[in-house]
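The values are calculated or read from the model by the stated rules, or taken from the named source; none is laboratory data. This structure is a prediction, so every number in the text was calculated from the model and none was measured. Using ideal geometry, Cβ is built from the backbone for each residue, glycine included, and neighbour counts are taken over all protein chains shown. These area figures cover heavy atoms from the full protein model, side chains too; ligands, DNA and RNA do not enter into them. Shrake-Rupley method; radii C 1.70, N 1.55, O 1.52, S 1.80 Å.
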Amino acid sequence: AAMVQKYQSPVRVYKHPFELIMAAYERRFPTCPLIPMFVASDTVSEYKSEDGAIHVIERRCKLDIDAPRLLKKIAGVDYVYFVQKNSLNRRERTLHIEAYNETFSNRVIINEHCSYTVHPDNEDWTCFEQSASLDIKSFFGFESTVEKIAMKQYTSNIKKGKEIIEYYLKQLEEEGITFVPHWTPPVACKSESSTCHPRRPVSPAINIPESATKEGLSNKEILNTSSSPSEPTAGTPDDKLDADYIKRYLGDLTPMQESCLIRLRQWLQETHKGKIPKDEHILRFLRARDFNIDKAREILCQSLTWRKQHQVDYILDTWNPPQVLQDYYAGGWHHHDKDGRPLYVLRLGQMDTKGLVRALGEEALLRYVLSINEEGLRRCEENTKVFGRPISSWTCLVDLEGLNMRHLWRPGVKALLRIIEVVEANYPETLGRLLILRAPRVFPVLWTLVSPFIDDNTRKKFLIYAGNDYQGPGGLLDYIDKEIIPDFLGGECMCEVPEGGLVPKSLYRTAEELENEDIKLWTETIYQSASVFKGAPHEVLIQIVDASSVITWDFDVCKGDIVFNIFHSKRAPQPPKKDSLGAHSITSPGGNNVQLIDKVWQLGRDYSMVESPLICKEGESVQGSHVTRWPGFYILQWKFHSMPACATTNLPRVDDVLASLQVSSHKCKVMYYTEVIGSEDFRGSMTSLESSHSGFSQLSAATTSSSQSHSSSMISR
């Protein structure tokens with residue numbers, strides 16, 4: 001069971017020129033007192049270019065790994081040898097380091113890549129980056145032990161890397177060396193005037209050779225560190241994370257935690273163009289799954305799809321809570337706690353939950369709670385700026401004074417549980433602390449109903465006080481400053497939170513009214529959802545009158561893998577028959593499923609393919625456009641992506657048969673939105689569309705301009 005461990009560092013910025021950093025770096029060889037396990041190193045081979053610009057040196061390094069004696073005995077070695085190849089390019093001002101293990105290379109594969117390059121925005125600063133992979137094939141049954149030892153040694157070395165450079169910089173300074181001149185070509189080369197500029201301006205786009213890009217570090221991603229050293233600025237989504245920024249805005253993370261964040265973020269940049277959550281929010285999902293990158297990715301993707309489907313990003317700006325909520329919902333934001341976390345006060349005991357559910361329905365209530373959470377995220381960001389340290393969660397103070405049997409009304413409890421579930425799934429790790437005050441005798445009953453639905457990590461943050469205990473030692477004053485304790489809790493601060501009270505029965509609505517209302521809220525989304533089955537694609541018809549229109553699409557693959565196609569036909573397909581399936585498919589919650597292409601139609605005769613098929617994997621977001629060449633009917637098709645059967649025979653393979661038995665495995669879900677734009681309007685919005693194109697959509701690449709589209713469309717006459 002080999003596990004490949006990967007590591008990717010943030011960018012570390014040294015505020016010193018490249019040449020000085022190199023002088024410091026060279027001092028770690030042949031041995032370095034700061035790394036006791038680095039026992040010796042010998043030069044294996046060396047190459048210098050004639051002009052002295054290129055210097056490649058390969059060393060064999062001898063390491064004394066800190067491992068149990070028994071393990072060393074079993075393995076039969078005292079030392080582990082690594083080969084390290086350093087390629088210095090003084091002209092480009094880059095150093096690339098590749099290292100791999102020589103000992104046990106058939107059992108364990110370790111690869112490391114580091115680079116020192118010039119900071120893109122300041123040529124007197126140097127950037128350092130490091131990535132590595134560890135693959136343990138087998139190790140005498142001690143695979144997991146070896147993995148633990150390797151990871152421990154590796155992370156401690158990462159931490160030391162910076163100290164070592166700083167140690168030698170200090171040593172150089174003590175010897176009076178604070179400046180090392182740039183490399184200049186030997187004078188003889190006067191004829192080639194071009195190479196003789198002593199300081200060639202560094203262009204960040206080209207100073208990273210191909211080898212650096214294979215780790216998935218695109219050299220277009222540019223660092224963003226603000227000019228004032230004390231406050232690193234939060235970067236744009238495309239840049240890399242820098243170590244100082246992480247410390248200032250996200251907190252103290254271990255090297256492996258940083259690596260998980262960077263890798264998950266990189267994956268999102270590749271698959272979710274233009275819709276990447278903020279770094280602190282990605283981090284919340286990682287924390288919620290103890291930094292298991294696959295589990296975190298899964299819940300994060302579900303949440304991104306959910307946000308898109310319900311237009312959550314726009315809730316704060318576009319949704320006005322009904323008056324009933326504003327009058328009777330006894331909750332609101334109130335300053336911050338002693339740790340700088342935003343404080344939310346909820347007078348649950350004074351709130352008529354039954355009345356609110358009857359007057360508003362569950363949906364409006366849920367939507368209101370979501371808007372509170374969105375506001376919470378915004379306040380955390382605000383407080384992070386104000387207090388100068390990362391604040392990623394809020395504190396909630398719930399006052400139960402007045403709680404009674406009415407609060408145990410089943411539909412109300414059901415609504416509460418559902419709201420808790422949605423919040424847990426989409427706002428993980430946002431609750432820093434929950435203070436429950438004045439808990440009455442019925443509280444334990446309610447608590448046993450609710451607590452199973454609450455995540456263990458979250459439950460640890462609950463503090464429950466009965467009666468007036470909150471006023472005693474270990475009470476409220478430990479968490480909240482005296483000046484802001486609300487008046488209704490005996491404090492001196494006027495609290496703006498509404499007092500709640502009973503919702504008048506005249507505001508109650510019938511179940512039918514609420515039903516209709518609920519549906520309106522859920523479907524208030526521009527996206528439509530469709531189900532795609534094996535043998536039953538989903539197809540959408542678009543009629544084009546003006547030949548040079550642009551069809552645009554934007555879809556998310558929520559479940560399964562699909563193939564996306566776009567076809568053109570001169571004649572209209574027959575409308576889908578209103579059979580039993582058709583009748584209920586429109587309303588079925590799983591989304592609709594419509595086939596338009598007649599079974600007797602032949603590709604190339606009745607209809608033609610105008611873009612090459614695009615395979616889309618589960619979790620991907622795809623955006624693209626097609627410039628139409630002819631009027632007529634265009635059909636967008638989402639089709640089940642099935643594994644090809646065995647090449648030699650047409651018999652299905654065993655696992656295909658097994659897969660088809662699991663009914664769920666051949667149902668895919670897609671959420672899509674399409675729009676037709678006149679080409680002149682499209683020209684204007686070209687830039688905005690281009691910037692949001694998904695990188696992996698060959699469709700969007702091929703159709704950005706109509707001239708390209710002509711060549712890319714496969715036209716069947």
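Quick look at the values:
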| quantity | calculated |
| --- | --- |
| Per-residue SASA entry for MET37, accessible area with 1.4 Å probe, Å² rounded to 10 | 30 Å² |
| Distance in nm between pseudo-label sites at ILE615 and SER133 (7 Å out along the Cβ direction from Cα) | 1.9 nm |
| Cβ crowding within 10 Å averaged over residues, with 535-547, 347-359 ranked highest first | 347-359, 535-547 |
| Per residue accessible area in Å² of the range 438-503, where ligands, DNA and RNA are left out and the probe is 1.4 Å | 59 Å² |
| Carbon and sulfur %, accessible surface of the range 354-493 computed with the full protein complex present, 1.4 Å | 54 percent |
| FRET E, pair TRP409, GLN311, Förster distance 30 Å, beta-carbon r, rounded to 0.05 | 0.50 |
| Cα gyration tensor category, rounded, prolate or oblate, for the range 315-506 with a/c compared to 1.5 | rounded |
| Label point distance in nm, ILE109-LYS48, each placed 7 Å from Cα along Cα→Cβ | 3.6 nm |
| Accessible area of GLU382 in the full protein assembly, 1.4 Å probe (Å², nearest 10) | 90 Å² |
| Linear extension gain, GLU517 paired with VAL180, 0.36 nm per residue minus alpha-carbon span | 114.1 nm |
| Sequence of THR305, THR628, THR510 from largest to smallest accessible area, 1.4 Å probe | THR510, THR305, THR628 |
| Å² per residue, accessible surface of the range 123-179 at 1.4 Å | 54 Å² |
| Net length gained if the chain between SER679 and ALA572 were fully extended (0.36 nm per residue, minus Cα distance) | 36.2 nm |
| Spin-label model distance (nm) - THR31 vs SER144, 7 Å beyond Cα toward Cβ | 3.7 nm |
| Additional length obtainable on full extension of the chain from GLU173 to LEU507, 0.36 nm per residue less Cα span | 112.5 nm |
| Anisotropy class of the range 44-116 from Cα gyration tensor, a/c 1.5 cut | prolate |
| Sites ASP478 and LYS247 - FRET efficiency at Förster radius 35 Å, r taken between beta-carbons, to 0.05 | 0.80 |
| Cα gyration tensor shape of the range 318-394, rounded if a/c is under 1.5, else prolate or oblate by comparing a/b with b/c | prolate |
| Fraction of accessible area attributable to carbon and sulfur, the range 243-310 (%, probe 1.4 Å) | 47 percent |
| Calculated FRET efficiency for the pair GLN326/ASP487, C-beta based, R₀ 22 Å, to 0.05 | 0.60 |
